[in-house]
1. Where is the GNM fluctuation largest for the chain (alpha-carbon springs, 10 angstrom cutoff): 147, 134, 64?
2. Once you place label points 7 Å from the Cα toward the Cβ at residue 64 and residue 180, how far apart are they in nm?
3. With the Cα gyration tensor of segment 13-52 giving a ≥ b ≥ c as the square roots of its eigenvalues, does the rule (a/c under 1.5 for rounded; else a/b larger than b/c for prolate; else oblate) give rounded, prolate or oblate?
4. Under the definition of Cα pairs under 8 Å and six or more residues apart, what whole-number percent is the relative contact order of segment 51-127?
5. Over the chain, what is the relative contact order in percent, taking alpha-carbon pairs closer than 8 angstrom and at least six residues apart?
6. Just check segment 11-97 against the gyration tensor rule for me: Cα atoms, a ≥ b ≥ c as the square roots of the eigenvalues, rounded for a/c under 1.5, and otherwise prolate or oblate depending on whether a/b exceeds b/c.
7. Going by C-beta contacts inside 10 Å, put 99, 109 in order with the fewest on the left.
8. Rounded to the nearest 500, what is the 222 nm mean residue ellipticity of the chain from helices alone, with -39500 (n - 2.57) per DSSP H run of 4+ residues and division by all residues?
């Protein structure tokens, strides 16, 4: 029997990892957590933003320069392998939470691979809150949430949308888990 997959999709600092941990805490079954950041961290320090992998450029929006992270050919291949791993894990009966910053094409690939065994959740918060989290964490590219916010969710139909600023991770986890019951 295939496992279930919850895809938590959102911009940087939206609360995906915190929500994933809460889902693990409240789930009656075991949920494995697969994070895009873990795949990027497989690269040697300083190599992740090279052109072949996940090149970082600057874009100008409203007179402000913002960082933008793209997918080079090796980076795109790595993320495709991550989606394939999630598919294989589900086929093996594991329940999986995916913590991802995915565009519409990647989400369509998940849906094609997983069919009805996946729940795609938009994880979001007001931009002012995302920017506050970015500053406070100290390990984020300042401006990344602002750059990603208007484009990352474009063209994606979500099964559920959550606001990590208006509800606690525990309440949101229960809501996500109720959606797959």
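1. 64
2. The answer from the label model is 3.5 nm.
3. Prolate shape, in that a/c is at least 1.5 and a/b is the bigger ratio.
4. This gives 20 percent for segment 51-127.
5. Over the chain, the number comes to 37 percent.
6. Since a/c reaches 1.5 but b/c is at least a/b, the shape of segment 11-97 is classed as oblate.
7. Ranking 99, 109 by Cβ neighbours within 10 Å, fewest first, gives 109, 99.
8. Calculated mean residue ellipticity at 222 nm is -12000 deg cm²/dmol.
The numbers here are math on the coordinates, done by the rules we state, and not lab data. Owing to the predicted nature of the structure, the values given are computational and were not obtained by experimental measurement. For neighbour counting, all protein chains shown are included, and Cβ atoms are generated from backbone atoms with ideal geometry for every residue, glycine included.
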